[in-house]
Amino acid sequence: MSAIEFDHVWYRYSSHQDYALKDVTVTIGKGEIVGVVGPNGAGKTTFAKHINGLLKPDKGLVKVLGRDTKDESVARLSRDVGIIFQNPHHQLFSETVSEEVLFGLKNFDVENPGLVAERVLEDFGLLQYREKPPLSLSGGEKKRLCIASAIAWDPKILVLDEPTVGQDLNNKRQLLDLIVSWSQRGKTAILVSHDMEFLWALNPRILVFSKGRILADGKVDVVFTDEEILHEASLRLPQLAELAAKLGWKNPPRTPSEAAKRILEVKGWPM
Amino acid sequence: MDPRCRLLIALMLFAFSLAFLDLPKVVLVLALVILAGTLSKILRRLAKLQILTGILVAFILVINITIGYSVIYSLTLSLRFLSIVSSTSVFFLTTSPDELEQVLKWLRAPRDVVFAFTTAVRFVPVLMLDLSQIIAAQRSRGLEFEKGNPITRLRKLSPILVPMIVTALLRSNDLAEAIEVRGYGVSKRPTSIYELKFSKYDWSCIVIVVLATAALTFLLIY
Amino acid sequence: MSSNLDLTSGQGCGKPVVIFRDFTFRYRDADEDALRDIDLCFERGGFYLVAGATGSGKTTLLRSMIGLIPHVYEGEYSGEVVVLGKDVRGTQISELARHVGYVFQNPENQIFMFSVERDVAFTLENMGLPPAEIKRRVEWALETTGIKDLRDKAPYELSDGQKQRVAVAGALASEPEILILDEPTSLLDPLTATTVLDFVEGLSKMLNLTVIAVEHRLELLLPKVDFIIALKDGRVVLSGRPRRLFENEVNINRLKAAGIAVPPVVDIYHEVAKRGIKMEKPPMTVDELVSIIKRISPVDR
């Protein structure tokens, strides 16, 4: 059974508007990491909101873990689908950091909520703030708290909207490790992001959205080296992909040191 | 047409709507309101509004009849109400917030009040968007409004209200900075890129409105 | 003077437009200084990139140049900030705003009027300029930012990239000498972000405007700027011309320690150098790297 299945999904916000999703068909397996990219207004967030039933398709079918989203409440779907939206200020409301994490745990009747909250705060380096108000944290920390609060109830699918915004180099590395180990536990991660360099390093499957349609679907090194697709979707090549394209390399390098080795593979350097 | 001219027409219609209480006159005024609506090409939106008001009007009608007023008198009252609402709508449906701001300025309303008013109108849709995103975010964390008794339901408002207040405060903080940086209040006599100017057309319009008012007053009263 | 700090006020700084001297600031009720011992000089016509992790003091630095600090945000203030010859502490924001255009992180929150044209005119109306002069400047600002066809649009009809341009046009209309941009692309998709930054670069050249921009995505802005200033915990850890600074790997590590991601091409430059091949200058774009490789590679001749 797949984790997420979109079958010819059409959706529009009102009858005066154009469809925000047009005939979207895609299947995402358990344990997959998927990067969702595309210009603003291409339908990425609309797509994400279908995964936990916040939006239900006008035409077509969305199945999550085999269940038709039309038959389920948002709350029941959210037990298995943790969605974290872009702006932390749209969700932080508790008096303390640990209560913020407990909110979801209690809503979903998770056992030993106190213990679980403590553990997840520790994993995210936020334990020392547990008695502080969430709004006193820095921008990056607020974002991590939001992600932690969803990881806490241990959903099967995690959907993150622009998770790298406001995160420094170190936090991005931690986030990358977190997502990789998440998927190694057989869990699915969907990342809506503009951060091409981050996605390149993460090496996920990529869905390119443009004007409500899926323009491309494939491994990051195939999709992100296709200049035509990226141009149509208002994206930019990550630098390592651009380098590979311009030097005519078949397999683009994943890291700068790999690229350096490849540059020097040519014989005859005066070393 | 100059927004001040529209304001004048709307005021005239509004005054007539208030002034009379017998059926033929009320019908005549309502017809005039609808004519104004047709001329300003807002008839459709006006009709929509009238349907909404119509429900309320029907309600007034029924109540009036049940408490013993005559059918004609009740009908008059209802139509009068409809005409009052529609006449003010003729102005508000044809006037953009920008023009409204210019009219208020021209009426010498205090600048801070006008600016506070227009800014509020400007940011209502933005805040509504925030609200819908907040609701989406909290529902995604398992918040359910449908469950529980009234007291637990009331407590469920805080996950919505607190972020709403915080977002609004952060936004107003940004706005306060921007107001400073964009020089609001620097000059005691701020100017405007477009000053309101009456054209020949507007003047003739005003003359017609004044004449019509006089004629109608004469006709309807005597 | 250490080699990683080139923009100090003590050193030769062409025609200074902004000078920070031993500037330290702590917000009221804060436990730590937001900025500490800042000693910087910005020259006329320069394009400056201010980099740093969240909370490193970037926005505080910008606020200090327009007088939001200390006139709106109060706190402990020491040292001085001089903008176009005026001490910020003794000058009103409105006076500074005549010469300094400021574009906030979220352009939505600085657009007040219901049409683009009237919003671009907002500052000029506030200054009390005659309508004819306002029209001339608004026309020029709309033309320069390429949004003439948007003049009658309402804010909610605009895309994020368009809002950004409207905000820039509103700042340019007062014909400033300095343009400050706080994370101008954080809400934009990569290609729109590139277009906005290209356009800002063009403005700085065309108008000999001093541009000071905070930006997270270094790879977008590095090829365009003259100078970079890196902040960490309220202190300047690096300042100067990126090409010169990036030659030295110590400086790259300093950036990384400050939580700033360096574009992969710069990393490649140092990885190649470690293996014994020294390219003459660190590249800022992939095109530059490719042309260096083609020039020095033994095979392609």
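Some notes on this structure:
- Heavy-atom accessible area with a 1.4 Å probe sorts B:69, C:269, largest first, into B:69, C:269.
- With the whole protein complex present, residue C:65 retains an accessible surface near 0 Å², based on a 1.4 Å probe.
- Residue of C:219, C:108, C:280 that the Gaussian network model of chain C assigns the largest fluctuation, springs spanning Cα pairs under 10 Å: C:280
- Zone of residue B:212's modelled label, taken as backbone nitrogen in region B:4-30 under 18 Å from a point 7 Å along Cα→Cβ: B:4-20, B:25-30
- Volume in Å³ per residue [convex hull over Cα atoms, computed for region B:3-94]: 73 Å³
- Kirkwood Rh and Cα Rg combined as Rg over Rh, evaluated for region B:102-181: 1.16
- Pairs from A:63/A:250; B:197/C:148; A:44/A:250; C:86/C:163 whose Cα-Cα separation, in the structure shown, is over 26 Å: A:63/A:250; A:44/A:250; C:86/C:163
- Taking the convex hull of the alpha carbon positions in region A:83-145 and averaging its projected area over all directions gives 4.1 nm².
- Largest accessible area first, the residues A:225, B:95 order themselves as A:225, B:95 under a 1.4 Å probe with ligands, DNA and RNA left out.
- When the charge dipole of the protein assembly as shown is built from unit charges on Cβ atoms (+1 for Lys and Arg, -1 for Asp and Glu) and taken about the Cα centre, the candidate among C:145, A:91, B:16 whose Cα reaches farthest toward its positive end is B:16.
- Principal-axis analysis of the Cα atoms of chain C puts helix C:160-172 at an angle of about 70° to the longest axis.
- For region C:270-301 versus region C:79-126, the gap between their alpha-carbon centres in whole angstrom: 44 Å
- At the listed q of 0.07, 0.11, 0.12, 0.13 Å⁻¹, the Debye profile of chain C, built from one uniform point per Cα, gives log10 I(q)/I(0) equal to -0.29, -0.69, -0.81, -0.94.
- For the residues of B:141-148, the average number of beta carbons from a partner chain within 10 Å of their own beta carbon is 6.
- Here residue A:122 sits with roughly 120 square angstrom of accessible surface, probe radius 1.4 Å.
- Between residue A:1 and residue A:122, the FRET efficiency from the beta-carbon distance, with R0 = 35 Å, is close to 0.60.
- Relative contact order %, region B:3-94, counting alpha carbon pairs below 8 Å whose residues are six or more apart: 48 percent
- Other protein chain Cβ atoms within 10 Å, averaged over every residue that makes up A:36-43: 3
- Restricting attention to the protein assembly as shown, close to 55% of DSSP beta bridges with both partner residues there are antiparallel.
- Global form of region C:1-100, assessed from the alpha-carbon gyration tensor, a/c cut-off 1.5: oblate
- Restricted to Cα atoms, chain A shows a radius of gyration and a Dmax of 19.9, 68 angstrom.
- Fully extending the segment from residue A:73 to residue A:222 would add 49.9 nm, taking 0.36 nm per residue of separation and subtracting the current Cα-Cα distance.
- Positive-end ranking of B:97, B:145, B:125 along the dipole of region B:97-222, with charges on Cβ about the Cα centre, is headed by B:145.
- Enclosed volume per residue, in Å³, of the convex hull spanned by Cα atoms of the protein assembly as shown: 198 Å³
- Theoretical gain in end-to-end length, residue A:96 to residue A:246 [0.36 nm per residue, Cα-Cα removed]: 48.9 nm
- Sorting the segments B:47-58, B:196-207 by their mean number of nearby beta carbons within 10 angstrom, highest to lowest, gives B:47-58, B:196-207.
- When the charge dipole of the protein assembly as shown is built from unit charges on Cβ atoms (+1 for Lys and Arg, -1 for Asp and Glu) and taken about the Cα centre, the candidate among C:38, C:101, A:8 whose Cα reaches farthest toward its positive end is A:8.
- Straight-line reach from residue A:142: taking Cα to Cα under 18 Å and skipping same-chain neighbours fewer than 8 places apart, the lysines in range are A:132, A:172.
- Taking GluC sites (Glu not before Pro) as exposed when their DSSP state is a loop state and no more than 15 other Cβ atoms lie within 10 Å, the longest site-free interval of chain B runs over B:1-145.
- In the protein assembly as shown, the DSSP-assigned H stretches of four residues or longer account for a calculated mean residue ellipticity at 222 nm of -15000 deg cm²/dmol, using -39500 (n - 2.57) per stretch and the full residue count as denominator.
- Counting Cβ atoms of other protein chains within 10 Å of each residue's Cβ and taking the mean over peptide C:117-125 gives 5.
- Dipole check for the protein assembly as shown: with +1 at the C-beta of Lys and Arg, -1 at the C-beta of Asp and Glu, and the Cα centre as origin, the magnitude is about 1200 Debye.
- Compared with the dominant principal axis of the Cα atoms in chain C, helix C:190-207 is inclined by about 80°.
- Across region C:226-301, Cα-Cα pairs farther apart than 18 Å form 41% of the total.
- Springs join every pair of Cα atoms under 10 Å in this Gaussian network model of chain A, and among A:194, A:89, A:16 the largest mean-square fluctuation is at A:16.
- Placing pseudo-labels 7 Å out from each Cα toward the beta carbon at residue A:131 and residue A:173 gives an inter-label distance of 3.2 nm.
- Across B:139, B:122, B:45, mean-square fluctuation computed from a Gaussian network of chain B (C-alpha pairs under 10 Å connected) peaks at B:139.
- Separation of the residue B:63 and residue B:144 label points, Cα + 7 Å toward Cβ, nm: 3.9 nm
- Around the Cα centre of chain A, unit charges on the Cβ atoms of Lys, Arg, Asp and Glu (plus for the first two, minus for the last two) sum to a dipole of about 400 debye.
- In this calculation the C-beta distance from residue A:138 to residue A:184 is compared with R0 = 30 Å, giving a FRET efficiency of 0.55.
- When Rg and the Kirkwood radius Rh are both evaluated on Cα atoms of region A:195-271, their ratio Rg/Rh stands at 1.05.
- Annotation: residue C:294 carries an accessible surface of approximately 100 Å², with a 1.4 Å probe and no ligand, DNA or RNA atoms counted.
- For the protein assembly as shown, A:146, B:5, B:205 stand unpaired, since no other cysteine beta carbon lies under 4.7 Å from theirs.
- Dipole moment magnitude, nearest 20 debye, region A:173-213 about Cα centre, only Lys, Arg, Asp, Glu C-beta charged: 240 debye
- Pairwise centroid distance, computed over Cα atoms, of region B:81-114 with region C:136-183, Å: 28 Å
The values are calculated or read from the model by the stated rules, or taken from the named source; none is laboratory data. What you are looking at is a predicted structure, and each value in this text was computed from that prediction instead of being measured. Cβ atoms come from the backbone with ideal geometry, glycine included; neighbour counts cover every protein chain shown. To get the accessible areas, we keep the full protein, side chains included, count just its heavy atoms, and leave off ligands, DNA and RNA. Shrake-Rupley method; radii C 1.70, N 1.55, O 1.52, S 1.80 Å.
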